[in-house]
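This report concerns only the one structure given below.
Any read-out appearing in this document is the output of simple, stated calculations on the displayed coordinates, not a laboratory observation. Just so you know, these numbers come straight off a predicted model, no measurement behind them. Don't worry about glycine lacking a Cβ; one is built from the backbone with ideal geometry, like all the others, and counts go over all protein chains shown.
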Amino acid sequence: MSDSGSSPLDAAFARLLVDSYHRVVGKPLIAASADAARHLYEDAPFGLLAHDTADDPRFTYANLVAQHAFELDWTEFRGMPSRLSAEPDRQEDRDALVHAVTTHGFVSGYRGRRIAKSGRRFWIEDVTMWNLIDDTGVKQGQAAVFARYTAA
C-alpha cells in the first residue's frame, strides 16, 4: 500500500475509506462532509481502523475513538502489526474475520475481544470490516468500523 494515511487528516485516504465503504458495503459510512478527513478522525461517533495489504498487515489509520479504546496515539498505532490488537488466544477469531472479509468483501455484526496498551480487555461491538478497494479496483488494505466498545 502507498503511504496514504500518513497523516490522520489525509483527504485522499479519507476519500478511500468513505468511497470504498460505499462501494463494498453498499451504504454511506458518513453523510456528505466538506471535510471528511477531519470528521472521520476527530468527530466520528465510532472507532475506525485500517491496515495495509502486507502478509503481516500493519495499521495505517486509527481515528481518535479507536486510539482512546486501544490507549495508543497516532504514532504508536501507525505501523503496528494489526494482529497485536488481539491477544494470542484471540488470534484465531481475528484471523477468521480477516479471512472472511478477504473472501466476501465485508462482514457486519462482528464482536471481538481486544486488548489496550495497559492490558485492559474490551469488546469491539457491531463491527463492519471491509476491503479497501480504490476506484480502479485495486485492494489497498482492509478497514473496520466499530459502533462501540465495552469492558470485557
- Query: Put a dot 7 Å past each Cα toward the Cβ at residue 34 and residue 135; how far apart are the dots in nm?
  - Reply: 2.1 nm
- Query: Does the range 1-76 classify as rounded, prolate or oblate by the C-alpha gyration tensor (a ≥ b ≥ c root eigenvalues; a/c under 1.5 gives rounded; else a/b over b/c gives prolate, otherwise oblate)?
  - Reply: oblate
- Item | Cut-off under 5 Å, modelled amide H: who pairs with residue 132 long-range | 140, 141, 142, 143
- Item | Chain lengthening between residue 75 and residue 103 when straightened (0.36 nm per residue, less Cα-Cα) | 7.0 nm
- Message: With percent of Cα pairs over 22 Å apart as the read-out, I listed [x] 41; [y] 32; [z] 36; which label goes with the value calculated from this structure?
- Response: [y]
- Note on the structure: The long-range amide H neighbours of residue 58, using H built 1.01 Å from N in the peptide plane and a cut-off of under 5 Å, are 52, 82
- Query: How large is ³J(HN,Hα) for each residue in the range 118-127, as worked out from phi by the Karplus curve 6.51 cos²θ - 1.76 cosθ + 1.60 (θ = phi - 60°), to whole Hz, x for Gly and Pro?
  - Reply: 6, x, 5, 9, 8, 9, 8, 10, 6, 8
